[in-house]
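Asker: My questions all concern the structure below.
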Amino acid sequence: MRGCGALLVWLLVLSLAWLGPALGGEEEDGEVVAEEEAEVLSDELREEDSVLVLHEHNFDRALSEHRLLLVEFYAPWCGHCQRLAPTFARAATVLRNESSPARLGKVDATAQTALANEFGITAYPTLKLFRDGNRTHPLAYTGRMDVEGIVRWMQRRASPSATLLQDAATAAAFVSSQDLVVVGFFKDLEGEAAQVFYEVASELVDVPFGVAKAAELFQAYGLSADTVCLFKKFDEGRTDFPVDPARGLDAAELTRLLRVHSLELVMEFTNETSDEIFSAKIPHHMLLFLNKSSSAQLALQDGFQAAASAFRGEVLFVVVDVTGFGADVLPFFGLTPADAPTLRLVKMENNRKYRMDQDTFSDTAIRTFIQAVLDGKVKPHLMSAEPPEDWDTRPVKVLVGKTFEQVAFDETKNVFVKFYAPWCSHCQAMAAAWEELGERYKDHEDIVIAELDSTANELENITINGFPTLHYFPAGPGRKMVEYKSARDVETFSKFLENGGTLPEEPPAVTPPGPTRWCHGGGRCPAAPPGTPQLPQPHHGSRPFA
């Protein structure tokens, strides 16, 4: 089973084991059992930390008494559920203290199997919103998993998703109220385009949405047709998205455009902006690594800024201070502070990195380089460590980027390679078995047991999607490669090798995708050490669309 996820991302995701149910007191004359049975059979609504405790006997009552009910379906042993529990409780308390019509509830899906089956619960935790007592079409929760995110998501659904702006004074006050606001100008607020706008407003809860119909407002903002306007207190100040008369508005496309244009044209990588950078879903990142204490290097930002507008939506431009918050990411690019200033383009799909020659940092040179990468005319820059002097004398051969090809694709050898990360606990756990396997086959002329540190070495045609990943390269022509997906013990490894790289297939583990990070190697490991940049925590900043 794959131990370390699908993509190497920045946030440490710790998997906590459930310790078991709390021990209860002894029963006296069956009274405890009787009380528990009576409680289960009752439709009484009980609370724990402001969260309604729901089961099949009180679920209908909860729906009838609460117009908006967000229900968490959980498993007591699930580490993710355990971590969410205090956050969910605090959000429930905030909503109750505000006298909101929105309430939160929870269902133990392992005990309430009828409810779990009814609502198609296949993963934990799963959050669903029930509105107006309707249990047939619950809405999947799409917000952030932090207190502020849950509260905002529920508040947006408890009131109109967009504020009606009736005159110029009200509209001006609304536009200036926040760094970012969205206003939809529609001549028919009941029309199809306006309804799509309301749908988008319900989802993008971190930015205020307004809606305008009055002719004086169309005139005041220089509009003649239905348009969605993003007002911002940076860069160009305003971006318009006209509604196509024939196609109308598309919710997914409008959401994407608002997310892209809500970001500054050039962003600095900081603790506050990291979530926005990685959640923007922009396929390429252009990074300028510089030392902000150097005035000469700071001046390079002018050309960087000038090049950015030509690639908006396709390439996100980011400044990384090598002496500040950005210092932690340098190892993932094989860089040190002394390498600044330097430029890298990252293809987020596969973490391929491209290095620009440092002769010039002009906007023309930067645009030319980026376009060449997009056109497939530039090869990725691959990192490689230096091979240890004794790399081929050990039972387990130590491969690096420079030596991988000659060993793995040796047509006279069957080569079994472990791709790992030094900080990955799953890799550490199987290290002894891999060494034992190396000892077992060290005298076999046609079998090679090897390993490669994927955080320090990159390969042109092989992308590692998790740690540890095991690949078998059989002898013979054709550069064949077989991914090993079976049990990770010495005996099973041996059976696999003795049978020429085959074993009865087992279903591969399914790991949910996460946002791609500027990472090296491509695996996500719950055991990354403190300080390892990985997938971010739920967004806590003031900027939208995280």
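The values are calculated or read from the model by the stated rules, or taken from the named source; none is laboratory data. These figures come from a predicted structure and were not determined experimentally. Please note: Cβ atoms are built from the backbone with ideal geometry, for glycine as well, and neighbour counts cover all protein chains shown. For the accessible areas, the whole protein counts, side chains as well, though only heavy atoms, and no ligand, DNA or RNA atoms are used. Shrake-Rupley method; radii C 1.70, N 1.55, O 1.52, S 1.80 Å.
Asker: Can you confirm whether GLU148 is assigned to a helix (DSSP H, G or I) and of a type in the set (Asp, Glu)?
Answerer: Values: assigned to a helix (DSSP H, G or I): yes; of a type in the set (Asp, Glu): yes.
For GLU148, the condition - assigned to a helix (DSSP H, G or I) and of a type in the set (Asp, Glu) - is met.
Asker: Shifting gears a bit: I'm checking my understanding of the structure. Among residues of the range 442-478 that are β-branched (Val, Ile, Thr) and surrounded by fewer than 20 Cβ atoms within 10 Å (Cβ to Cβ), which one is farthest from the chain's Cα centre (by Cα)? Steps first, please.
Answerer: Step one: filter the range 442-478 for residues β-branched (Val, Ile, Thr), giving 447-449, 455, 462-464, 469.
The next check asks that each one be surrounded by fewer than 20 Cβ atoms within 10 Å (Cβ to Cβ); those that pass are 447, 462-463.
On the way: ILE447: 39, ILE462: 22, THR463: 19 Å.
Checked the range 442-478; the qualifying residue farthest from the chain's Cα centre (by Cα) is ILE447.
Asker: Now, a different point. When the range 421-436 is examined, which residues are found to be modelled with pLDDT under 95 and open to solvent by 50 Å² or more (accessible area, probe 1.4 Å)?
Answerer: PRO422, HIS426, GLN428, ALA429
Asker: For VAL490, which of the numbered conditions (1) under 27 Å from PRO388 (Cα atoms); (2) modelled with pLDDT under 55; (3) among the β-branched types (Val, Ile, Thr) fails to hold?
Answerer: Just one mismatch for VAL490, condition (2).
Asker: Right, something else. Name the single residue that is least open to solvent (accessible area, probe 1.4 Å) among those in the range 285-305 being assigned to a helix (DSSP H, G or I) and over 18 Å from LEU345 (Cβ atoms).
Answerer: Going through the qualifying residues, I end up with GLN297.
Asker: Name the one entry in THR170, THR87 that is in contact with a strand residue (DSSP E or B) (Cβ under 9 Å, 6 or more places away or on another chain) and at pLDDT 95 or above. Steps first, answer last, please.
Answerer: On the way: THR87 fails: in contact with a strand residue (DSSP E or B) (Cβ under 9 Å, 6 or more places away or on another chain).
Every option except THR170 fails the conditions.
Asker: Also, quick follow-up: Is it true that GLU439 is among the charged types (D, E, K, R) and either part of a loop (DSSP other than H, G, I, E, B) or crowded, with 18+ Cβ neighbours inside 10 Å (or both)?
Answerer: no
For (1) more than 31 Å from the chain's Cα centre (by Cα); (2) modelled with pLDDT under 95; (3) of a type in the set (A, V, I, L, M, F, W, C); (4) crowded, with 17+ Cβ neighbours inside 10 Å, each residue gets a yes or a no:
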position	(1), (2), (3), (4)
ASP359	yes, yes, no, no
ILE366	no, no, yes, yes
ILE370	no, no, yes, yes
ASP375	no, no, no, no
LEU382	no, yes, yes, no
GLU389	yes, yes, no, no
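Asker: Just checking, how many residues over the range 306-341 are in a helix (DSSP H, G or I) and open to solvent by less than 50 Å² (accessible area, probe 1.4 Å)?
Answerer: Adding up the residues that qualify gives 10.
Asker: Still on this structure: Please go through the range 370-401 and give me each residue that is of a type in the set (Lys, Arg) and closer than 30 Å to LEU437 by Cβ, ordered by number.
Answerer: Restricting attention to the range 370-401, the residues satisfying the condition of being of a type in the set (Lys, Arg) are 377, 379, 394, 397.
Residues satisfying the conditions are ARG394, LYS397.
Asker: Read through the list (1) in contact with a strand residue (DSSP E or B) (Cβ under 6 Å, 6 or more places away or on another chain); (2) outside any helix (DSSP H, G or I); (3) under 25 Å from ILE464 (Cβ atoms), then give the number of the only condition that MET383 fails.
Answerer: (1)
Asker: Listed residues ARG238, ARG259; which is within 24 Å of LYS281 (Cα to Cα) and either at pLDDT below 95 or open to solvent by less than 40 Å² (accessible area, probe 1.4 Å) (or both)? Break it down into steps so the answer makes sense when it comes.
Answerer: Details: ARG238 fails: either at pLDDT below 95 or open to solvent by less than 40 Å² (accessible area, probe 1.4 Å) (or both).
Going through ARG238, ARG259 in turn, just one is within 24 Å of LYS281 (Cα to Cα) and either at pLDDT below 95 or open to solvent by less than 40 Å² (accessible area, probe 1.4 Å) (or both): ARG259.
Asker: Further question: THR393 versus (1) crowded, with 19+ Cβ neighbours inside 10 Å; (2) of a type in the set (S, T, N, Q); (3) assigned to a loop (DSSP other than H, G, I, E, B): which is the lone unmet condition?
Answerer: (1)
Asker: Let me ask something additional. Only one residue in ALA214, ALA201 is within 30 Å of PHE234 (Cα to Cα), modelled with pLDDT of 95 or more and open to solvent by less than 60 Å² (accessible area, probe 1.4 Å). Which one?
Answerer: Going through ALA214, ALA201 in turn, just one is within 30 Å of PHE234 (Cα to Cα), modelled with pLDDT of 95 or more and open to solvent by less than 60 Å² (accessible area, probe 1.4 Å): ALA214.
Asker: Name the residues in the range 29-74 that are open to solvent by 80 Å² or more (accessible area, probe 1.4 Å), modelled with pLDDT of 80 or more and over 21 Å from MET145 (Cα atoms), would you?
Answerer: Of everything in the range 29-74, those that are open to solvent by 80 Å² or more (accessible area, probe 1.4 Å), modelled with pLDDT of 80 or more and over 21 Å from MET145 (Cα atoms) turn out to be GLU44, ARG46, GLU56, ASP60, ARG61, SER64, GLU65, ARG67.
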